Structure formats: structure tokens, C-alpha cells
1. Given (1) at pLDDT below 95; (2) assigned to a loop (DSSP other than H, G, I, E, B); (3) of a type outside the set (A, V, I, L, M), identify the lone condition not met by residue 54.
2. Could you grab me the full set of residues in segment 1-30 that are surrounded by 19 or more Cβ atoms within 10 Å (Cβ to Cβ) and under 16 Å from residue 58 (Cα atoms)?
3. Quick check on my filter: what residues within segment 1-32 are β-branched (Val, Ile, Thr) and assigned to a strand (DSSP E or B)?
4. Go through (1) under 11 Å from the mean Cα position of the chain (by Cα); (2) over 19 Å from residue 77 (Cβ atoms) and name the single condition residue 23 misses.
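The values are calculated or read from the model by the stated rules, or taken from the named source; none is laboratory data. Bear in mind that the values here come from a model prediction, so they are computed numbers and not experimental data. Cβ sites come from the backbone with ideal geometry, for glycine too, and all protein chains shown count toward neighbours.
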Amino acid sequence: MKSLGELNKKYDLELDKVVKKIKSSKAKLVLLQFPDGLKPYATAVVDFLEENTEAEFMIWIESCYGACDTPTGTEGLGVDLVVQFGHSDMMPSY
């Protein structure tokens, strides 16, 4: 398992914004989607979010090919919020 400290050295997943969104939406069950490169950090992210919210979390283990690849078939799970993480800049810097 990878640590949140290792993750924070490489990427800023803006977990503080995720915590605020979970709290503001009063989500009880949150589905987290990670690209394959971030999946080794998924449980560390869940640990952090559990410590800072009252929500429960599920990790989407299927493939994720980008922001348009949203999980399907979750309607019957009772998910209140889906959070997609990425590790690449959306816009190039010049």
C-alpha cells in the first residue's frame, strides 16, 4: 500500500475540496474512481477521507480511461456522490 505522503509529493488531488464537497452535499456513500496510476494510493485516500468526513467509500476497480469514462451500473448501489481523480494536467502549460 502506498502512503498519502508519497502521493502528495507527486500530485495534488485537492483532497480538502473533496472533503468540503462531501460535507456540503451530505453524501453518505461516495464512489471514488482512480486512473490505474493512482489506484495504488486509493486506500490511503479513503483513510484520509474517512478521518475527515462521516461518509463511507467504495473504490471503482474497473479501468478508467479519462474524465469522460464515468462508472456505469451504480444506480442500484445508493451512491450519493462520484469523485473522479486524475493525475495529468487538463490543459498544457506554455
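1. It fails just one condition, (1).
2. 18, 22, 27, 30
3. Across segment 1-32, the qualifying residue is only 30.
4. (1)
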